[in-house]
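This report concerns only the one structure given below.
Read-outs: derived from the displayed coordinates by stated rules, not from any lab. This is a predicted model, so every value here is computed, not measured. Note: ideal-geometry Cβ built from the backbone for every residue, glycine included; neighbour counts use all protein chains shown.
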Amino acid sequence: MTIKPYTPYYYRPFTLEPLGCDAVTLGHNFKHYLSYHLGRFHGCAPNYIYEALAYTVRDRLMVDWRNTWNTQLEQGTRRGHYMSLEFLIGRAMGNHLLNMGIKTAADQAMLDYSHKLEEVIEEEPDAGLGNGGLGRLAACFMDSCASLRLPVMGYGIRYEYGMFRQYIENGYQKEAADHWLQNGNPWEIERIEYAQHIQFGGHTEHYIDNNGRARARWVGTEDILAIPFDMPVSGYRNQTVNTLRLWKAAATEEFNLDEFNAGSYTEAVQAKNQAEHISMVLYPNDSSENGKELRLRQQYFLASASLKDAIRIWVKHGEFDYQRFAAENVFQMNDTHPTIAVAELMRILLDDNGVEWDEAWAITSQCMAYTNHTLLPEALEKWPVSLFERLLPRLLEIIYEINAHFLRVVSMKWPGDTDRQRRMSIIEEGPVRHVRMAWLAIVGSFSVNGVAALHSQLLRDGLFHDFYQLWPEKFNNKTNGVTPRRWVAHANPGMTALISEHIGDEWIADLSLIERLKSMVPMENKVFHANWHAVKMANKQRLAALVKSDCHVDFDPAALFDVQVKRIHEYKRQLLNVLHVVHLYLRIKHGHLDNWVNRCVLIGGKAAPGYYMAKSIIKLINSVADVVNNDPDVNGRLKLAFLPNYRVSAMEIIAPATDLSEQISTAGKEASGTGNMKFMMNGALTIGTYDGANIEIMDAVGAENFFLFGLRAEQVEVLRHDYRPWQYVEQDQDLREVIDLIRCGHFNPSEPGIFDSILDGMLSPSDPWMTLADFRGYVEAQQAVSTAWQDTEKWTQMSIMNTACSGFFSTDRTMMEYNRDIWKLTQAESA
Ligand code: 26W
């Protein structure tokens, strides 16, 4: 591939006339794209209808996109860069229509061509470029930055295959490839002229430059091309369109030719394939790093391409003075995944630009910021030194040097404390030496934050304590949020209209105003309460239809919809939920129906393909569901369904329809949670442990509107030393019956013993998740839920109260805090 260097054109600039957004103009434009661009006509496959409409909508973003870009650059404003290996953006169409305020017009335009907008929207595949919370958070952040007119660009990888598609066979999870780009991606714009060369392998050479200074160069490398694809990120009704820049890997021309000249044509093509591997697939792990070489390649590929791109833009549009670089740029690293950026920026400054070490370090450590998203030790990234040496030899040298400088600081502060030096070293010693990426991130950043108050506290007290003692000023908390545009205005139009009717619609752009809804809580607002209930019922009907089609289970919208959707992980304790379902089932079997409430329990989520326990839990859920749903004694009192392929677009249907949100992680393990916030905004009540952002949710809504149970984080840590799970079983007849029923094979008559490892895990004194310790508290909290549910009027009040108190959990607030404390960017003026 030949890439011509970018040359600006100085022709007379032309103006772009804004395009009409009325139904007729949209319709004409749609017809034009369908016929003249796509060459498809009436009766074509529905994905072309979607594609033609997407082009129509994208056209209408283009002027604002260009203007947003130009204004940011012309003003030479300080720019933010959000670096993330994951952006779980889901579908774009409905979101852009909402932000641009042209949904009604698009609706009519589609009707004019006898299509239903809702069905056209369904044709768009989810952009599943993320695993779960961390990836979806990045997408919500992008939305809020655009809505707040913050000059922030997202940098990520354009994976050819996103998160795998999950389907269920005989109760077991199966994975299928998600080729989301199969029919092209109408939103993206390829910008080959901004491609970057990324180096791998080779070796380093040290030399003395013309000024007599020691320098290093990285040579003999195999280069890969990084090609940017831009996705528009529209702000809410503010003419702002920011950019999400995703990199695709490709072979460089030189790389191919070398092989070709040696006479090996097929090897040359193979090399091309090898190069493209880097952006081929998203790693589907969200809790344990597996140390795969390709993953490290992805990380360096993203970090290097993004830094080079940011520098290119900065050099082109500002003065070429590196002393100003940190004043004009900030990079937020989404977990340790892009943390190699610390060493890469050093390399670019030192080797490519001849900046001296101290100055390069001052620049680097003043423009990097790090967000931690997990305390789980198995999720902390560590790379074998040997792998670094082979793949990124120059970066390893730089990391060694960063470490040497850093350990001098440590030994000055704590002379002779060798144990502390060993703990804090970026290099972990041992039979296999490792690079500790979190340590590199902390040392190289001016800001380190956790994602909820408790989580940030636990980082300071535990995992990062040594670093906190050294640099307390670096540490801060930024409680997560979610965007109310996608998660309320788009996902729940019924509730949105009802709210806006009473308090106006400014809350969509400023969720703190949702507080006004509190005035609608008192009893006398009978009509409003009836409407609130009716909206929820309609949303539950919509979810019931999805459950029927995807799980073949009948959910009755009159029952309590009790929902747990998130990645399947032991610490999130889907197991505790299942134990409760089995307990309810036993109550039915025993005829203990006092205070009974009909429930539909929905569980959804993906297990990492190599996570055996998580996959067994999915099988258990499906096995219990089979028995419960088909036992005539149950008679509609209890339903359990496992929703396959949980994803962003499924949550858009689930959250508005949920009555009870399950947030039941072992305390101290869930960094924040963000599903909890989506549910709350949509008027669900939460049953939850004192963990992550649950704590802040309960503070906001009041303990009387929240079902709290279970051990606290500090109690978990104390109990860990002397945990005796069987005691809970001995003391609790209900728990004993539940365990016995699972153990005896009631749910798996044809596959005996398959759940033994689950039971043994729960009954082991070393069970880190302490599921059985919280069983009784959970059952009692669920009984409180049932009691509350029986008073429909009271429940509705609590539901409204949850929505009314959710203002704090908007990512607009989160982004304002990042900006106030970390980024310090200037919000663009409103147009
Ligand atoms: C190295 C493999 C790997 C990949 C991803 C390890 C860990 C991750 C993520 C950190 C997992 C994740 O998504 N964490 C979630 O981040 C959310 C956003 O901050 C939080 O709300 C969740 O509590 C946290 O589990």
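Summing Lys, Arg as +1 and Asp, Glu as -1, what charge do residues with Cβ under 13 Å from the Cβ of ALA52 carry, ALA52 excluded?
Details: positive: LYS31, ARG40, ARG58; negative: GLU51, ASP59, GLU123, GLU124.
Computed value for this residue: -1.
In deg cm²/dmol and to the nearest 500, what is the mean residue ellipticity at 222 nm of the chain if only DSSP H runs of at least 4 residues count, each as -39500 (n - 2.57), divided by the residue total?
Values: 32 runs with 373 residues, N = 831.
Rounded to the nearest 500, it is -14000 deg cm²/dmol.
Measure nothing fancy, just the Cα-based angle from helix 493-503's long axis to the longest principal axis of the chain, in degrees from 0 to 90, nearest 10.
Taking the Cα atoms of the chain, the angle to 493-503 is about 90 degrees.
Take PHE467, PHE30, PHE809 and order them by how many other Cβ atoms sit within 10 Å, fewest up front.
PHE467, PHE30, PHE809
Exceeding 32 Å between C-alpha atoms, which entries from my cross-link table qualify? They are LYS272/LYS824; LYS116/LYS619; LYS678/LYS794; LYS248/LYS540; LYS316/LYS824.
Details: LYS272/LYS824 42 Å; LYS116/LYS619 38 Å; LYS678/LYS794 21 Å; LYS248/LYS540 40 Å; LYS316/LYS824 22 Å.
In this structure, LYS272/LYS824; LYS116/LYS619; LYS248/LYS540 exceed 32 Å between Cα atoms.
Holding the Cα-Cα limit at 25 Å, pick out from LYS174/LYS589; LYS103/LYS606; LYS292/LYS606 the pairs that are longer than that.
Details: LYS174/LYS589 33 Å; LYS103/LYS606 32 Å; LYS292/LYS606 21 Å.
In this structure, LYS174/LYS589; LYS103/LYS606 exceed 25 Å between Cα atoms.
Take the alpha carbon atoms of the range 341-399, find their center, do the same for the range 559-576, and report the distance between the two centers in whole angstrom.
38 Å
How long is the gain from MET280 to ASN183 if the chain were fully straight, where each residue apart is worth 0.36 nm and the alpha carbon distance is subtracted? The partial results should precede the final answer.
Values: separation 97, 0.36 × 97 = 34.92 nm, distance 1.62 nm.
Net length gain for the segment: 33.3 nm.
Show me, for the range 569-576, the HN-Hα J-couplings you get by feeding each phi into the Karplus relation (A = 6.51, B = -1.76, C = 1.60, θ = phi - 60°), rounded to Hz, glycine and proline as x.
8, 4, 5, 7, 6, 3, 4, 4
Fewest Cβ neighbours within 10 Å first, please rank MET681, MET762 accordingly.
Fewest-to-most Cβ neighbours within 10 Å comes out as MET762, MET681.
Starting from the Cα of LYS572, draw a straight line to each of the aspartates and glutamates and keep only those under 16 Å, dropping any in the same chain fewer than 8 residues away.
Hits, sequence-local ones excluded: ASP286, GLU378, ASP562, GLU662, GLU670, ASP691, ASP767, ASP774.
How far is helix 357-367 tilted off the main Cα axis of the chain, in degrees rounded to 10, range 0 to 90?
Taking the Cα atoms of the chain, the angle to 357-367 is about 30 degrees.
Lysines near LYS413 by alpha-carbon distance under 28 Å, same-chain residues fewer than 8 away left out - which ones?
Result set, ordered by chain and number: LYS382, LYS474.
Roughly how far apart, in whole Å, are the Cα centres of the range 49-126 and the range 791-816?
When both Cα centres are located, 28 Å separates them.
Between LYS794 and ALA362, take the C-beta separation as r, use R0 = 60 Å, and let me know the FRET efficiency to the nearest 0.05. Show your work: numbers first, answer last.
Working: r = 59 Å, r/R0 = 0.99.
Once the sixth-power term is evaluated, E becomes 0.50.
Taking 25 Å as R0, compute the FRET efficiency from the Cβ-Cβ separation of SER386 and ASN353 and round it to 0.05.
0.30
What is the Cα centroid distance between the range 178-246 and the range 731-749, reported in whole angstrom?
55 Å
Can you tell me the FRET efficiency between VAL432 and GLU717 if r is taken as the Cβ-Cβ distance and R0 is 22 Å, rounded to the nearest 0.05?
Numbers: r = 29 Å, r/R0 = 1.32.
In this case the efficiency is close to 0.15.
Mind running the shape call on the range 560-719? Use the C-alpha gyration tensor, a ≥ b ≥ c as the square roots of the eigenvalues: rounded below 1.5 for a/c, prolate if a/b tops b/c, oblate otherwise.
Rounded, because the longest to shortest axis ratio a/c is under 1.5.
What chymotrypsin sites (Phe, Trp or Tyr not before Pro) does the range 566-614 have in DSSP loop regions with at most 16 other beta carbons within 10 Å?
Counting only loop positions with at most 16 other Cβ atoms within 10 Å, the chymotrypsin sites (Phe, Trp or Tyr not before Pro) in the range 566-614 are TRP596.
Rounded to the nearest 5, what is the percent of antiparallel bridges among the DSSP beta bridges in the chain?
On the way: 36 of 81 bridges.
Bridges in the chain are about 45 percent antiparallel.
How much length is gained if the chain between ALA497 and VAL527 is pulled fully straight, taking 0.36 nm per residue apart and subtracting their Cα-Cα distance, in nm to one decimal?
Extra length available between ALA497 and VAL527 comes to 9.3 nm.
Tell me, what HN-Hα J-couplings in whole Hz come from the Karplus equation 6.51 cos²θ - 1.76 cosθ + 1.60 at θ = phi - 60° for each residue of the range 27-40, using x for Gly and Pro?
Coupling constants for the range 27-40: x, 4, 5, 4, 5, 4, 4, 4, 7, 7, 8, 8, x, 10 Hz.
Among DSSP bridges having both ends in the range 349-450, what percentage is antiparallel? Round to the nearest 5.
60 percent
Taking the beta-carbon count within 10 Å as an exposure proxy, list MET613, MET437, MET412, MET677 from fewest neighbours to most.
The order, fewest Cβ neighbours first, is MET412, MET613, MET437, MET677.
Find the relative contact order for the range 675-748 and round it to a whole percent, using C-alpha pairs within less than 8 Å whose residues are 6+ positions apart.
22 percent
Cα axis of helix 133-147 to longest principal axis of the chain: angle in degrees, 0 to 90, nearest 10?
Helix 133-147 sits at roughly 70 degrees to that axis.
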